[in-house]
Amino acid sequence: MSATTPLIVTEIKDGILRVEIRRPDKKNALTGPMYAVLADAFEAAERDPRVRVVLIHGQPGMFTAGNDLADFLEHPPINDDPPPPVFRFLEAFRTLTKPFVAAVSGAAVGIGTTMLLHCDLVYAGESAKFQLPFVNLGLCPEAASSLLLPALAGHARAAEILLLGEPFGAAKAVEIGLVNAVLPEASVLDHAMAQARKLAAQPAASVRLTKQLMKHAQATLVEQTMREEGRHFKARLISPESKEAFTAFFEKRKPDFSRFN
């Protein structure tokens with residue numbers, strides 16, 4: 001499986017599926033069609049015996065700005081038949097049995113951060129900035145981040161990150177255990193690739209089993225939490241607060257939530 005699209009590039013080499021988000025003119029913001037390609041790539045990787053490791057990255061100074069808000073509003077993921085591409089992608093990395101590695105440079109917003117909670121190894125550049133602005137947009141967490149982030153960082157730090165929705169840097173990401181290491185910008189992808197090669201050289205069945213055992217205790221809770229978050233997320237998309245937040249974003253003004261309870 002080796003494929004190139006204008007915005008998502010995939011390549012298999014040495015047992016590693018490398019997935020590049022390539023939309024630099026829009027800060028790698030993700031659209032529905034991009035989510036569909038990502039979901040297809042992850043689902044195919046799970047089936048393909050040639051793939052032993054999955055590695056995702058953007059470009060220097062840019063991982064992903066999260067959802068393309070214009071596309072998100074034009075095609076809201078509120079129907080279930082067929083499942084929206086974004087939810088297919090969430091499910092694809094939740095169920096991935098093979099090692100999942102990320103190289104993060106620059107902005108990692110929304111799903112750009114929540115997907116990292118499902119990774120096995122994450123390496124960040126010094127410029128990396130993480131943000132979960134769901135509440136700021138009148139929404140709620142996704143990708144089981146309401147479960148996984150408190151489990152990782154503790155309730156107090158998770159509450160600060162999720163309720164205030166403010167960006168935080170690579171040093172804090174290491175401190176809370178979100179990333180393994182911070183590296184010079186020019187070294188991030190090379191280091192992540194080197195670690196992925198190490199994983200690809202390990203006994204594949206043992207690696208998958210060890211990952212499964214580490215995730216086993218939370219697996220059912222993660223699935224249930226993602227389902228519950230998804231139900232609320234869809235409802236929040238049509239809420240008055242969300243409409244105000246998105247309107248303010250496009251009008252380049254500060255949202256006013258004072259009239260909502």
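The values are calculated or read from the model by the stated rules, or taken from the named source; none is laboratory data. No experiment lies behind these values; they were computed from the predicted model shown. Neighbour counts run over all protein chains shown; Cβ positions are idealised from the backbone, glycine included.
Some notes on this structure:
- Counting the residues of the range 195-251 that are within 19 Å of PRO133 (Cα to Cα), of a type in the set (S, T, N, Q) and assigned to a helix (DSSP H, G or I) gives 3.
- Tally of residues being surrounded by fewer than 20 Cβ atoms within 10 Å (Cβ to Cβ) and outside any strand (DSSP E or B) across the range 16-26: 4
- Being closer than 28 Å to ASP120 by Cβ and in contact with a Cys (Cβ under 9 Å, 6 or more places away or on another chain) is not true of PHE168.
- Applying the criterion of being under 30 Å from ASN79 (Cβ atoms) and of a type in the set (D, E, K, R) to the residues of the range 198-230, the residue that is surrounded by the fewest Cβ atoms within 10 Å (Cβ to Cβ) is ARG227.
- Only strands (runs of 3 or more DSSP E) whose full extent lies in the range 68-134 are considered here, and the ones with at least 2 residues that are over 23 Å from LEU221 (Cβ atoms) and either touching an Asp or Glu at 6+ places or on another chain (Cβ under 9 Å) or among the acidic types (Asp, Glu) (or both) are 100-104.
- Every residue from the range 1-22 that is farther than 14 Å from GLY112 by Cα and modelled with pLDDT of 95 or more: LEU7, ILE8, VAL9, THR10, GLU11, ILE12, LYS13, ASP14, GLY15, ILE16, LEU17, ARG18
- Every pair of residues 6+ apart whose Cβ atoms lie under 8 Å, when the first sits in the range 56-77 and is within 14 Å of PHE249 (Cβ to Cβ) while the second is buried (at least 16 other Cβ atoms within 10 Å of the Cβ) and among the polar types (S, T, N, Q): ALA65/ASN28; ASP68/THR31; ASP71/THR31
- Applying a threshold of 7 Å to beta carbon distances and a minimum spacing of six or more residues, or different chains, the list of pairs starting in the range 231-259 at a residue that is surrounded by 15 or more Cβ atoms within 10 Å (Cβ to Cβ) and ending at one that is of a type in the set (Phe, Trp, Tyr) reads GLU241/PHE257; GLU241/PHE260; GLU244/PHE257.
- Pairing residues of the range 169-180 that are closer than 18 Å to ALA156 by Cβ with residues that are assigned to a loop (DSSP other than H, G, I, E, B), at Cβ distances under 7 Å and at least 6 apart in sequence or on separate chains, gives ALA173/ALA128; ALA173/VAL179.
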